[in-house]
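To start, the structure itself, in structure tokens.
The values are calculated or read from the model by the stated rules, or taken from the named source; none is laboratory data. Since we're looking at a predicted model, the values are computed, not measured. As a convention, Cβ positions derive from the backbone with ideal geometry for all residues, glycine included, and neighbour counts pool all protein chains shown. The accessibility values were calculated without ligands, DNA or RNA, using every heavy atom of the protein model including side chains. Shrake-Rupley method; radii C 1.70, N 1.55, O 1.52, S 1.80 Å.
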Amino acid sequence: MPLLGFALRRLLTSIPSLLIILVGVFVLLQFAPGDTVDALLAQMGGGDIAVIENLRRFYGLDASATVRMGRYLLRLVQLDLGFSAIYGKPVAEVIVERLPVTLLLMASSLLLALLGGIVLGTMAARRVNKWPDALISTVGLLFYATPSFWLGLMGMVVFAVKLGWLPSGGYEELGAGHVGFWRLVDIARHMVLPTLTLALIFLSIYLRIMRASMLEVSTMDFVQTARAKGVDETRIVTRHVLRNALLPMVTLVGLHASTMLGGSCVVESVFTLPGLGRLAYEAVVQRDLNTLLGIVFISALLVIIVNFLVDLLYARLDPRIREKGR
Amino acid sequence: MTPRLSIDDLSIAMPEGADRALALDGVSLSIGSDEIVCLVGESGSGKSMTARAILRLLPPVVRLTGGRIILDGKQDLLRLPEAGMRAVRGARIGMIFQEPMSALNPLHSIGAQIGEAFRVHTELGRREIEARVQALLAEVLIPDPLSAVKAYPHELSGGQRQRAMIAMALAMEPGLLIADEPTTALDVTTQAQILKLIRELQKRKGTGVLFITHDFGVVAEIADRVAVMQGGKIVEQGAAEDILNRPQHPYTRRLIAAIPPLHPAPSRLPERSAQLQVTGLTKTYGGKGPFRKHGRVIHALKDVSFDLHRGVTLGIVGESGSGKSTLARCLVRLLEADSGQVRLDGIDLSALSAKQWQRESRRIQMVFQDPFGSLNPRRRAGEIVAQGSIVRGEPRKQVQDRVRRLFDLVGLDPDATLRFPHEFSGGQRQRIGLARALALEPEILIADEPVSALDVSVQAQVLDLLADLRERLGLSLVFITHDLRVAAKVADDILVMQNGEIVESGPASQILLHPKHPYTQALIASVPGRHWTPPDAGTADSAA
Amino acid sequence: MHAFQRYLRNPSAILGLVLLLVVVLLALGADVIFPRNPLALAGRPLQWPLANARFWLGTDNLGRDIAAQIFHGARISLLIGVVATSIAVVLGILVGAVAGYYGGLIDEVLMRLTDAFQILPNFLLLLLLIAVFGSHIETVVIAIGMVSWPAPARLTRAEFMSLRHREFVEAARLSGLGDLRLIFSEILPNALPPVIVYASVVMATAILLESALAFLNLSDPNVSSWGNLIGQGRSVLRSEWYVCAIPGIAILLTVLAVSLVGQGLNDVLNPRLDQQ
């Protein structure tokens, strides 16, 4: 299928980039002051030379950097991310525990940002330079300028502390023993504020792009052709303008996958969500370099997968792309 | 008999600050059923505005100030409510636009876009619509209508897209068809086919057609009646035969006099010596790079060889995609050819190092097509002309003096050197481009479609200037054009290209009067209005 | 000249400029109005704004003057905004110009590198850089610049690719201009306007990135930063929420100012159909 072919070709080009990331990050971490063993010793309150030597050998830190990089890449191919000294279990296991929360947060935020952006952007474009446009554009600008962690904190003050409508943090009420449907409801209640916090900045970006792109497409020749055919304005917007205007947005979603993952670091910290972003923060603070490398690898894979899906969607929307490639 | 459409004293005001107050000034025109009326004029004359006013698709900045547009002797379109107007658009008046690529929605199939007219105006079912769309596509002679229904615009050629546009405009069998420069974006052979198609469909269906064009050749080919527009007014109208052969208004006369006849100019220069020898030039695009393995390989030039003789103008003609622009760029090494040689007085230019070529490039200079794109918008006109001499280390003062002389030479005010490109008109910009090329005192000038973006009257002036400079400076000229009339006017020798190959070459008179290759014959047969010889208006010379 | 007048005709662009001037004045006035170290103990902790005439924005949970921290924090935000943005834009223009002008293998390599930076979440990369090189303010500024260049690079590349085959560039090359002159004096001036406008986005993002780092306690603890103050106030969020709220509003207004100025510049530099 040409559609899949296009997306697969794009997928291939991300392999060299992935390699650059892995090698780059590995080299970067060689400059880090102290390694995992130092961090471990700091936690244990020191140890004698023989213990340290043994630990270094155990974690494979006694070999040269090149050898270790070779080993590391070799293990990655087998999806072996190594062992986390801090958590005392394989990195893969630590990450898998944390991944679902982040995925849920990203998916719900992306959905909210996209839907909100398309609807509000379209509304603004249809009433361009009138008051609904001014209102929507102003709100969009404010959202764009608001630091997400601050918005999260303020949301917490209003909805959790003052109004008591929503929980102020965490993924679920652990002691409550909810099961089945009620557990889902509980998780959903916990996700409302984080989702809003993460989504609003993207919503404001999509809103602006959508508005601009609707306005631009409206001036194109084929819209005039449709008018000359006797098509009414509603049908022109829904059939001719909207789909063309969506194309630049779809491209952006691919680019934003990684930004969003970065943003979830902060949001997860604000709401004490046990996700990948918070894990990254903890790994930095505790100098758990194996875990950090593992997170880098998984994040990169995640972004590449999202981009693959976006390419599929793009090729589905735009017949021109299917045979041409870029 | 009531006319299909009569426009009565139509006036439209421009927004404040425009170059004239009225876009249309008391325009009156009628189109009968079963006739083709051509509305002719240069750019900015208001001809497209007239077309859009009929369908009430005017840009929001202009304002209607008066007049009536009566359809079928009954309704005044200007006073119809919006819903009533929508019932007219597409059903009783169809429209074809200039650029078929951008006029079609790139994301919908051809079938869906033609079918939309039925979906909007009728209650027909899906099956019935499909059948009609196929019948329409067959009627406009699209090859393989069955697969054309499912095709997307980018999968069709320019000519096929315009056929699809025509099918769309005629779907509801409207009594009136408006065609706004429908063949301007097409190659000449395709243009001939589309003109023939419009003529045939018009005859068969008895449609009234308002045909907008800037090209008197097209008028001669298709018009029953003609109206000539200038500055928002109709200056002259009448039967095609009268206007073409006995124009009355001075503006019409000037326009017609500016059209080069298709006859070759008398040949000059009996003795010839080869100055530029091109052998085996080959250039392919695509198929390179580690991630572009799937790209198709396009042969832009296939083993091209020819000689340019000293003092001669060599016309290179061909349609888009024939490789003529690639050839021009390979000659001056803006593109590197894959193989082949370009020898200038025996020196192989393609073998020179980048540094050596930078020195030799003084001897071959180029004039470009686009009067807007070929001048850096952020530099003053004088700087643009002086640049080449200054990089070559000439003293600034000396260069400045020469730039002023060059401005004078190409017919520009020497005091205009400090102005920016956007302060000049299209024709003046081409003169700046010419001055830039001449600043390095070249021996050979390569002109790539230098007049194709200009209105006919300006075109004539630039061509005259070019011919004059060639004589005075003893230049050899490679003149690339798609327009055989222009080639006939300027060229001593002609070289015809198709798909990257030279199919025929020889003296202009031989190529134009006795073409041997079938492609050359087709090209000449497609020149619009070739049977019409513009009258030799003696008064027209005062135009320049 | 005309450009500036056109800019001043746009009310929201003027608002942006005024807000930005206010932030600059805060930064300039910090040492004059609050000559003491803003991070030193100033009075009783957790006094609400307007409750004490000496601390009109109140004090935080460590007894530090919030107003003094706002004034001094403006310096950090501007420093981040200007220096990190300059690093990112200059780097981006260089990479984008070379990739877009030369194309081919050079382009391919540079674009895979750019892709790598875009695939790796920039906040994660920022965390890595801070973890490795420490959290001095200089390190933070450079790190933010280092993670922000890919977008301007792509933009510059796209502009260069569309400009490099324009006839005026071909003509200049035929006049004998070398690559460097073609890149810097012919193409770059024409490619610059959208990149300059985009710089406002980079600047807004840079300010937000620093505040997020500071909020997580990963930025320089020895300088007064708005994000830092929010992070400090988090522990008293439930009762004394103003400690978090005030610096947040400062960040919001600064980023808003930068965005509004950027939009105003866009309308002036890239005139579009947008208005009518």
Exercise. Is it the case that residue B:478 is closer than 29 Å to residue B:253 by Cβ and either assigned to a helix (DSSP H, G or I) or in the same structural domain as residue B:410 (by the TED database) (or both)?
Worked result: no
Problem set entry | Members of segment B:80-96 found to be open to solvent by 60 Å² or more (accessible area, probe 1.4 Å) and within 12 Å of chain A (Cβ to nearest Cβ), listed by number | B:82, B:83, B:86, B:92
For this session: Would you be able to say whether some residue in segment B:174-194 is open to solvent by 50 Å² or more (accessible area, probe 1.4 Å) and among the charged types (D, E, K, R)?
Result: no
Problem set entry | Residue within segment C:169-192 that is within 14 Å of chain A (Cβ to nearest Cβ), over 30 Å from residue B:353 (Cβ atoms) and out of contact with any helix residue (DSSP H, G or I) (no Cβ under 6 Å at 6 or more places or on another chain) present | no
Problem set entry | Residue identified as more than 14 Å from chain C (Cβ to nearest Cβ) and touching a residue at least 24 places away in the same chain (Cβ under 8 Å) among A:91, A:77, A:23 | A:91
Exercise. List the pairs whose first member sits in segment B:490-505 and is without any contact (Cβ under 8 Å) to a residue 12 or more places away in the chain, whose second member is open to solvent by less than 20 Å² (accessible area, probe 1.4 Å), and whose Cβ atoms are under 9 Å apart, counting only residues at least 6 apart or on separate chains?
Worked result: none
Problem set entry | Output for segment A:212-235, where each listed residue is more than 9 Å from chain B (Cβ to nearest Cβ) and either crowded, with 18+ Cβ neighbours inside 10 Å or touching a Leu at 6+ places or on another chain (Cβ under 8 Å) (or both) | A:213, A:214, A:215, A:216, A:217, A:218, A:219
Exercise. Could you say whether any residue in segment A:224-243 is closer than 29 Å to residue A:95 by Cβ and out of contact with any Ser or Thr (no Cβ under 9 Å at 6 or more places or on another chain)?
Worked result: no
For this session: Can you confirm whether segment B:464-484 contains a residue that is among the hydroxyl-bearing types (Ser, Thr, Tyr) and either over 23 Å from residue B:305 (Cα atoms) or crowded, with 22+ Cβ neighbours inside 10 Å (or both)?
Result: yes
For this session: Being farther than 17 Å from residue A:270 by Cα and open to solvent by less than 30 Å² (accessible area, probe 1.4 Å) is the filter here, so list the residues in segment C:208-241 that pass it.
Result: C:220, C:224, C:225
For this session: Counting only residues that are among the small types (Gly, Ala, Ser) and more than 26 Å from residue B:173 (Cβ to Cβ), give me the helices (runs of 4 or more DSSP H) lying completely in segment B:190-259 with at least 2 of them.
Result: B:216-222
Exercise. Mind checking which residues of segment B:195-216 are farther than 20 Å from residue B:34 by Cβ and crowded, with 23+ Cβ neighbours inside 10 Å?
Worked result: B:216
Problem set entry | Set B:99, B:42: member being within 13 Å of chain A (Cβ to nearest Cβ) and open to solvent by 20 Å² or more (accessible area, probe 1.4 Å) | B:99
Exercise. Of the residues B:71, B:104, B:77, B:124, which is loosely packed, with under 15 Cβ neighbours inside 10 Å and touching a helix residue (DSSP H, G or I) at 6+ places or on another chain (Cβ under 8 Å)?
Worked result: B:124
Problem set entry | Which numbered condition residue A:209 misses (of (1) of a type in the set (A, V, I, L, M, F, W, C); (2) more than 10 Å from every other protein chain (Cβ to nearest Cβ); (3) crowded, with 21+ Cβ neighbours inside 10 Å) | (3)
For this session: Being of a type in the set (A, V, I, L, M) and more than 23 Å from residue B:475 (Cβ to Cβ) is the filter; apply it to segment B:391-438 and report the residue that is nearest to the chain's Cα centre (by Cα).
Result: B:416
Problem set entry | Wholly enclosed helices (runs of 4 or more DSSP H) of segment C:85-133 bearing at least 1 residues basic (Lys, Arg) | C:104-119
Exercise. Out of A:264, A:258, A:269, A:299, which single residue is within 8 Å of chain C (Cβ to nearest Cβ) and either in contact (Cβ under 8 Å) with a residue 60 or more places away in the chain or of a type in the set (D, E, K, R) (or both)?
Worked result: A:269
Exercise. Is there a residue in segment B:143-150 that is in contact with a helix residue (DSSP H, G or I) (Cβ under 6 Å, 6 or more places away or on another chain) and open to solvent by less than 10 Å² (accessible area, probe 1.4 Å)?
Worked result: yes
Exercise. Can residue B:78 be described as outside the structural domain of residue B:136 (by the TED database) and of a type in the set (A, V, I, L, M)?
Worked result: yes
For this session: Quick one: count up the residues across segment A:276-321 that are crowded, with 17+ Cβ neighbours inside 10 Å and more than 30 Å from residue A:25 (Cα to Cα).
Result: 5
Exercise. Residue C:147 is checked against (1) in contact (Cβ under 8 Å) with a residue 60 or more places away in the chain; (2) of a type outside the set (Phe, Trp, Tyr); (3) at the interface with chain A (Cβ under 7 Å from one of its Cβ atoms) and fails just one. What number does that condition carry?
Worked result: (3)
Seminar exercise, completed: Sole miss for residue C:118 among (1) at pLDDT 90 or above; (2) within 14 Å of chain A (Cβ to nearest Cβ); (3) out of contact with any Pro (no Cβ under 9 Å at 6 or more places or on another chain) is condition (3)
Problem set entry | Unmet requirement for residue A:67, which otherwise passes all of (1) among the aliphatic types (A, V, I, L, M); (2) assigned to a helix (DSSP H, G or I); (3) surrounded by 13 or more Cβ atoms within 10 Å (Cβ to Cβ); (4) more than 22 Å from the chain's Cα centre (by Cα) | (3)
Exercise. Of everything in segment C:133-142 that's open to solvent by less than 40 Å² (accessible area, probe 1.4 Å) and in contact with a Ser or Thr (Cβ under 9 Å, 6 or more places away or on another chain), which residue is modelled with the lowest pLDDT?
Worked result: C:135
Seminar exercise, completed: Taking first residues from segment C:91-119 that are among the basic types (Lys, Arg) and second residues anywhere that are open to solvent by less than 10 Å² (accessible area, probe 1.4 Å), the pairs with Cβ under 8 Å that are 6 or more apart or on different chains are C:112/A:17
